[in-house]
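Worksheet: the structure to be examined is printed underneath.
The values are calculated or read from the model by the stated rules, or taken from the named source; none is laboratory data. Just so it is clear, the structure is predicted and the values come from calculations on it, not from any experiment. Positions of Cβ are generated from backbone atoms using ideal geometry, with glycine treated the same way; all protein chains shown enter the neighbour counts. All accessible areas refer to the heavy atoms of the entire protein, side chains included, with ligands and DNA or RNA removed. Shrake-Rupley method; radii C 1.70, N 1.55, O 1.52, S 1.80 Å.
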Amino acid sequence: MIRPFARCELPTALIAKFRARNAAGLAVADLIKQLFSRERSFAAGTDLARQFSQPANCALLIEGVAAQYRILSNGRRQITSVLVPGDFVNLHSMIVGQEPYSVLAMGSCRVLVAEAEQFRSALSNSTELGRILWMETLTEAAIQRESIVSMGRRTALGHFAHFICDLYERVSMVGEAAGNSFQLPLTQSDLADALGLSVVHVNRLLKTMRSDGLLSWSNSVVSILNEYKLREIAEFDPTYLGVRQVRQEGVTFSEA
């Protein structure tokens, strides 16, 4: 039985992600641990960040799932990205000084926070910290570009498959998957807002994936049953995530 996302000691998930990319040395890891020294908890359905607000802290998600979103004037919501442990909640706003999107806790979440001025000071004084955070920003942008490709040119089934493959790769990177299963507390309405589809269409896609033996989804747990086929439908290539290890059918091996 899969457990919920584990509570990480300090920014363990972030360090695991940096190591997967061969990006961070021990000195930077220690600096990050010193900066992100305070913890905050958020109940499901509450905002971790609010659009247009002035951020007092830089937040790092260490437990749970959160969603970056925008609500339009007609009340419709678009989820622009899903955050998992090891992801920054508002790294972008540390530079521009304003939250560009709101971020919602999809389940119970814990974050570590670094005071904004201390974070900016450390960033100015550490070239190595700046380098790995720049890499993080580039990866966030690459994830967004893949989402644009999915929205614009992949089939609805391919888009959904890529969404699942992306999240599975990212939670596996930080040790938050159990075999081929991972926690994803999203409703069909949330999925519709993330994929830009109707709830009815999402429901049909889920039925197709289940009947084709691609995955099961029960009690907020996604289990991938045929990873090779799911990746094939998604045309999934994880290199945009900057990982130096790639997996196929649950096996991890070094890139050639």
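Mind listing whichever residues of segment 218-234 are over 11 Å from F160 (Cβ atoms) and surrounded by 14 or more Cβ atoms within 10 Å (Cβ to Cβ)?
Hits for segment 218-234 are S220, V221, V222, S223, I224, L225, N226, E227, K229, R231.
Would you point out which residue out of R70, R131, R120 is of a type in the set (K, R) and in a strand (DSSP E or B)?
Testing whether each residue is of a type in the set (K, R) and in a strand (DSSP E or B) leaves just R70.
Restricting segment 126-142 to residues that are open to solvent by 60 Å² or more (accessible area, probe 1.4 Å) and not aliphatic (A, V, I, L, M), which is modelled with the highest pLDDT?
Here the residue is E140.
Residue under question is E176, and the condition is that it be part of a loop (DSSP other than H, G, I, E, B) and open to solvent by less than 20 Å² (accessible area, probe 1.4 Å); does it hold?
Against the criterion (part of a loop (DSSP other than H, G, I, E, B) and open to solvent by less than 20 Å² (accessible area, probe 1.4 Å)), E176 qualifies.
Between G107, G86, which is in contact with a Lys or Arg (Cβ under 6 Å, 6 or more places away or on another chain) and either of a type in the set (D, E) or not in a strand (DSSP E or B) (or both)?
Testing whether each residue is in contact with a Lys or Arg (Cβ under 6 Å, 6 or more places away or on another chain) and either of a type in the set (D, E) or not in a strand (DSSP E or B) (or both) leaves just G86.
Looking only at segment 89-104, how many residues end up being of a type outside the set (A, V, I, L, M) and assigned to a strand (DSSP E or B)?
1
Here is a list of conditions, (1) without any contact (Cβ under 8 Å) to a residue 40 or more places away in the chain; (2) among the acidic types (D, E); (3) surrounded by 17 or more Cβ atoms within 10 Å (Cβ to Cβ), and D190 meets all of them except one; can you say which number that is?
The single condition D190 does not satisfy is (1).
Within the set of pairs 6+ apart or on separate chains, which have a first residue in segment 112-137 that is over 9 Å from C58 (Cα atoms) and acidic (D, E), a second that is open to solvent by less than 100 Å² (accessible area, probe 1.4 Å) and in a strand (DSSP E or B), and C-beta atoms under 9 Å apart?
From segment 112-137, the pairs are E136/F88.
Among the residues of segment 143-173, count how many are open to solvent by less than 20 Å² (accessible area, probe 1.4 Å) and small (G, A, S).
3
Can you pull out every residue in segment 34-67 that is of a type in the set (A, V, I, L, M, F, W, C) and assigned to a helix (DSSP H, G or I)?
L35
Here is a check on your reading of the model: is S121 surrounded by fewer than 15 Cβ atoms within 10 Å (Cβ to Cβ), within 19 Å of S37 (Cα to Cα) and modelled with pLDDT of 90 or more?
So S121 fits the description; yes.
Can you pull out every residue in segment 147-162 that is within 27 Å of M94 (Cβ to Cβ) and either among the hydrophobic types (A, V, I, L, M, F, W, C) or in contact with a helix residue (DSSP H, G or I) (Cβ under 6 Å, 6 or more places away or on another chain) (or both)?
Answer for segment 147-162, where residues must be within 27 Å of M94 (Cβ to Cβ) and either among the hydrophobic types (A, V, I, L, M, F, W, C) or in contact with a helix residue (DSSP H, G or I) (Cβ under 6 Å, 6 or more places away or on another chain) (or both): just I148.
When only residues in segment 62-89 that are within 14 Å of E136 (Cα to Cα) and touching a helix residue (DSSP H, G or I) at 6+ places or on another chain (Cβ under 9 Å) count, which is surrounded by the most Cβ atoms within 10 Å (Cβ to Cβ)?
Filtering segment 62-89 for residues that are within 14 Å of E136 (Cα to Cα) and touching a helix residue (DSSP H, G or I) at 6+ places or on another chain (Cβ under 9 Å), the one surrounded by the most Cβ atoms within 10 Å (Cβ to Cβ) comes out as P85.
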